[in-house]
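Structure record follows, encoded as structure tokens.
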Amino acid sequence: MAKFRYSARNELGETQAGMVEAASRDLAIKILQENKLYLLSLESLEKKNVWGKFSGLFQKVKPKELMLFTRQLSTLLSAKVALSDSLKTLHKQISTPALKDVIFDVYTDVDGGLYFSQALSKHPKVFSDFYVNMVRSAEVSGRLEETLLFMADYLEKEMRLSSRVKSAMIYPVFVIGIFIAVMILILTVVMPQMRSIFSEVNVQLPFLTRVLMGLGTFMSSWGWALLIVLVVAVVVAVRYFRSDEGKPVWDELTVGIPLFGTLIKKTAITRFATSTSVLLKGGISVTDSLEISARVVSNQVYRRVLNETAEEIRRGGTISASLSRYPEYFPPLVTQMVAIGETSGQLDTLLDKVSSFYNEEVQNSINNLVEMVQPAIIVVLGLFIGLFVGAVLLPIYNLASVF
């Protein structure tokens, strides 16, 4: 049975949309006509060719699109528009195909009688466990529009945080990439030409020049093989570090990197404290909050620690006692604040303060990192450029002294 998305008018002239299952397109049309629906459009939801499947890999919902949808949905609900009507309205105005399809499915499920959280849970790649559980708790408390507004603010903060971290990495990666490209050009073009010039005269070449010329000759002859090896190595490494076995290894390595590791730790603590605080305020149990936060924190090291903490609480332990066993990941400030929150019964409030503190720390760390990385890159590149210039100018100076 194939699935078809349809848009039609009923006998009263009202427009309605939904999905119908049928063995063929003709049968789908017949089913709709038997239900006294006047068909406006009918679209197959099946991927018929390889190109459709291939292009679907690149159709992902961006965080900004999800944030805007959440904020707009909150606004419509605040205006007392019914949930199904709000979803239908947003579906019409969304231009991104990936999100448009998802919202249509959610609207169809909600219109068919499912809870909003149940409809969202069918799309885990778009709506995280954190998002779904917040909506589920809001459905119980009857504060869906307020919760969605908070989620929009939360997603916006997460988006800004990720953007600042990526921005801090763009400059050094760009500069290093340009430097490597220039050096390859010098080695493969300039150095071989210099070899042909100096081979005609009897001039003793400096050691550094001989090394660079040899490297240039090797790259000119075997550069293609080296490129293939590097590409294969990168592909294998990426596939491994993205696997279930390799991701914890990668996260463990990144956490230990000087400067960058500190930033990664503070970012993980910020997300843990923010998500756990919000979930606790929404009425989610402590163990469930920790397990959901573990999935929100993308770093596998922190995910393992938080899952172990949830298990420790089920055995009668406390969060602070469990986290205190990992001082390299959770500083004493965090465990002490958590301990105070557990003692006073205000864990959500104390975690909120931890989130605010480390969010500010992340901002400061990014600013300091940018200020430190740029001069360091300039110094290192200056040294390499000096070596290359020296390797080129010294033999020219020796050649001039011969004449």
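Between residues in segment 180-209 that are under 14 Å from residue 394 (Cβ atoms) and residues that are part of a helix (DSSP H, G or I) and modelled with pLDDT under 70, which pairs lie under 6 Å by C-beta distance while being six or more apart or on different chains?
203/398; 203/399
Given (1) modelled with pLDDT under 85; (2) within 24 Å of residue 277 (Cα to Cα), identify the lone condition not met by residue 166.
(2)
In contact (Cβ under 8 Å) with a residue 40 or more places away in the chain and out of contact with any Phe, Trp or Tyr (no Cβ under 6 Å at 6 or more places or on another chain): does that describe residue 354? Can you show your working first?
Values: in contact (Cβ under 8 Å) with a residue 40 or more places away in the chain: yes; out of contact with any Phe, Trp or Tyr (no Cβ under 6 Å at 6 or more places or on another chain): yes.
Yes: the conditions hold for residue 354.
Any chance segment 42-62 includes a residue that's aliphatic (A, V, I, L, M), assigned to a strand (DSSP E or B) and either at pLDDT 80 or above or closer than 23 Å to residue 94 by Cα (or both)? Talk me through it step by step, then tell me what you get.
Initial filter on segment 42-62 (aliphatic (A, V, I, L, M)): 42, 45, 50, 57, 61.
Filter once more, keeping what is assigned to a strand (DSSP E or B): 42.
If we keep only those that are either at pLDDT 80 or above or closer than 23 Å to residue 94 by Cα (or both) too, we end up with 42.
Checked against the condition, which is being aliphatic (A, V, I, L, M), assigned to a strand (DSSP E or B) and either at pLDDT 80 or above or closer than 23 Å to residue 94 by Cα (or both), segment 42-62 yields at least one hit.
Quick one: is residue 271 of a type outside the set (S, T, N, Q), outside the structural domain of residue 144 (by TED's automatic domain parsing) and free of Cβ contacts under 8 Å to residues at least 24 places away in the same chain? It would help to see each step written out before you state the result.
Working: of a type outside the set (S, T, N, Q): yes; outside the structural domain of residue 144 (by TED's automatic domain parsing): yes; free of Cβ contacts under 8 Å to residues at least 24 places away in the same chain: no.
No: the conditions fail for residue 271.
Go over the candidates 106, 102 one by one and state the one that is more than 23 Å from the chain's Cα centre (by Cα), closer than 17 Å to residue 69 by Cα and crowded, with 20+ Cβ neighbours inside 10 Å. Can you show your working first?
Details: 102 fails: more than 23 Å from the chain's Cα centre (by Cα).
Result: 106 is the single residue among 106, 102 that is more than 23 Å from the chain's Cα centre (by Cα), closer than 17 Å to residue 69 by Cα and crowded, with 20+ Cβ neighbours inside 10 Å.
Which residues, taken from segment 194-250, are modelled with pLDDT of 85 or more and of a type in the set (Phe, Trp, Tyr)?
240, 241, 250 - these are the residues of segment 194-250 that are modelled with pLDDT of 85 or more and of a type in the set (Phe, Trp, Tyr).
Could you tell me whether segment 52-62 includes any residue that is charged (D, E, K, R) and under 20 Å from the mean Cα position of the chain (by Cα)?
We begin by selecting, within segment 52-62, every residue charged (D, E, K, R); these are 53, 60, 62.
Next, only the ones that are under 20 Å from the mean Cα position of the chain (by Cα) stay: 60, 62.
There is at least one residue in segment 52-62 that is charged (D, E, K, R) and under 20 Å from the mean Cα position of the chain (by Cα).
Return yes or no: is residue 132 under 19 Å from the mean Cα position of the chain (by Cα) and more than 18 Å from residue 68 (Cβ to Cβ)? Outline the logic, then answer.
Details: under 19 Å from the mean Cα position of the chain (by Cα): yes; more than 18 Å from residue 68 (Cβ to Cβ): yes.
It is true that residue 132 is under 19 Å from the mean Cα position of the chain (by Cα) and more than 18 Å from residue 68 (Cβ to Cβ).
Quick grid of which residues meet (1) of a type outside the set (Asp, Glu); (2) within 30 Å of residue 368 (Cα to Cα); (3) surrounded by 17 or more Cβ atoms within 10 Å (Cβ to Cβ):
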| residue | (1), (2), (3) |
| --- | --- |
| 126 | yes, no, yes |
| 138 | yes, no, yes |
| 146 | no, no, no |
| 149 | yes, no, yes |
| 170 | yes, yes, no |
| 181 | yes, yes, no |
| 204 | yes, no, no |
| 207 | yes, no, no |
| 223 | yes, no, no |
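In the set 7, 78, which member is at pLDDT 70 or above, surrounded by 11 or more Cβ atoms within 10 Å (Cβ to Cβ), of a type in the set (Ser, Thr, Tyr) and assigned by TED's automatic domain parsing to the domain that holds residue 117? Break it down into steps so the answer makes sense when it comes.
Working: 7 fails: assigned by TED's automatic domain parsing to the domain that holds residue 117.
Step by step, each of 7, 78 is checked, and only 78 is at pLDDT 70 or above, surrounded by 11 or more Cβ atoms within 10 Å (Cβ to Cβ), of a type in the set (Ser, Thr, Tyr) and assigned by TED's automatic domain parsing to the domain that holds residue 117.
Keeping to segment 272-292, report how many residues are modelled with pLDDT under 85 and either part of a loop (DSSP other than H, G, I, E, B) or within 23 Å of residue 373 (Cβ to Cβ) (or both).
3
All but one of (1) assigned to a helix (DSSP H, G or I); (2) loosely packed, with under 14 Cβ neighbours inside 10 Å; (3) within 31 Å of the chain's Cα centre (by Cα) hold for residue 196; which doesn't?
Among (1) assigned to a helix (DSSP H, G or I); (2) loosely packed, with under 14 Cβ neighbours inside 10 Å; (3) within 31 Å of the chain's Cα centre (by Cα), the lone unmet condition for residue 196 is (3).
Pick out the one residue from 340, 319 that is surrounded by 22 or more Cβ atoms within 10 Å (Cβ to Cβ) and either in contact with a His (Cβ under 7 Å, 6 or more places away or on another chain) or at pLDDT 90 or above (or both).
Numbers: 340 fails: surrounded by 22 or more Cβ atoms within 10 Å (Cβ to Cβ).
Testing whether each residue is surrounded by 22 or more Cβ atoms within 10 Å (Cβ to Cβ) and either in contact with a His (Cβ under 7 Å, 6 or more places away or on another chain) or at pLDDT 90 or above (or both) leaves just 319.
The values are calculated or read from the model by the stated rules, or taken from the named source; none is laboratory data. The shown structure was predicted, so the numbers you read here are calculated from the model rather than taken from an experiment. All Cβ positions, even for glycine, are placed from backbone atoms using ideal geometry, and neighbour counts span all protein chains on display.
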